[in-house]
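Each remark here refers to the structure printed beneath this line.
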Amino acid sequence: MSLTTDFNDYRQRMNERVLAYNNKVIKRFFNLDTNAYQAGAVPVKVKEMLGLACSLVLRCDDCVKYHLGKCHEEGLTDDEVFEVFSIANLIGGSIVIPHFRRAVEYWEVLRAEAALGAPGTHQAATHPPHEH
């Protein structure tokens, strides 16, 4: 397994378990989250960059991984991702740095797996949209 496959498999498995409880509020929240990131006046790529920056500032490593995967799917370059990282570090301060380090590691794994054509590099195909 890989860092990305492990994360995506766990996320999918746990989302299925959470949704199996059939809680109306949770389901509505997941739906709201999914719909907020759909194309609209703001392009999906920009929404994912915003999600990444906010996730870093909030120090949610799972959210950071999720948004990095989506940013990768949207074709962000290293320069674009590092500008988002820069903004998040500026807004969040030095407490963001450990999460930033893990984000860089995950981004590098995403890129390496894509270069090798590894499975699991496009999480949208097997995972429900946008349920952190």
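Among the residues of this structure, Arg59 counts as one that is basic (Lys, Arg), surrounded by 12 or more Cβ atoms within 10 Å (Cβ to Cβ) and at positive phi. With respect to the conditions (1) loosely packed, with under 11 Cβ neighbours inside 10 Å; (2) under 28 Å from Ser94 (Cβ atoms), Ala20 lacks only one, and its number is (2). Of the residues making up the range 31-53, those that are in a helix (DSSP H, G or I), more than 11 Å from the chain's Cα centre (by Cα) and either β-branched (Val, Ile, Thr) or closer than 17 Å to Gly93 by Cβ (or both) are Thr34, Val44, Val46.
If you check Gly93, Gly69, Gly120, Gly40 for being of a type outside the set (Ser, Thr, Tyr), modelled with pLDDT under 95 and either over 19 Å from Thr4 (Cβ atoms) or surrounded by 19 or more Cβ atoms within 10 Å (Cβ to Cβ) (or both), only one passes: Gly120. Candidates in the range 1-23 are the residues that are of a type in the set (Phe, Trp, Tyr) and without any contact (Cβ under 8 Å) to a residue 12 or more places away in the chain; of these, the one that is nearest to Lys70 (Cα to Cα) is Tyr10. Evaluate the range 28-35: report whether one residue or more is in contact with a helix residue (DSSP H, G or I) (Cβ under 6 Å, 6 or more places away or on another chain), closer than 24 Å to Arg102 by Cβ and surrounded by fewer than 19 Cβ atoms within 10 Å (Cβ to Cβ). No - not one qualifying residue is present in the range 28-35.
Might you let me know whether the range 69-80 holds any residue that is over 18 Å from Glu113 (Cβ atoms) and not in a helix (DSSP H, G or I)? No, the range 69-80 has no match at all.
The values are calculated or read from the model by the stated rules, or taken from the named source; none is laboratory data. This structure is a prediction, so every number in the text was calculated from the model and none was measured. Cβ: placed from backbone, ideal geometry, glycine included. Neighbour counts: every protein chain shown.
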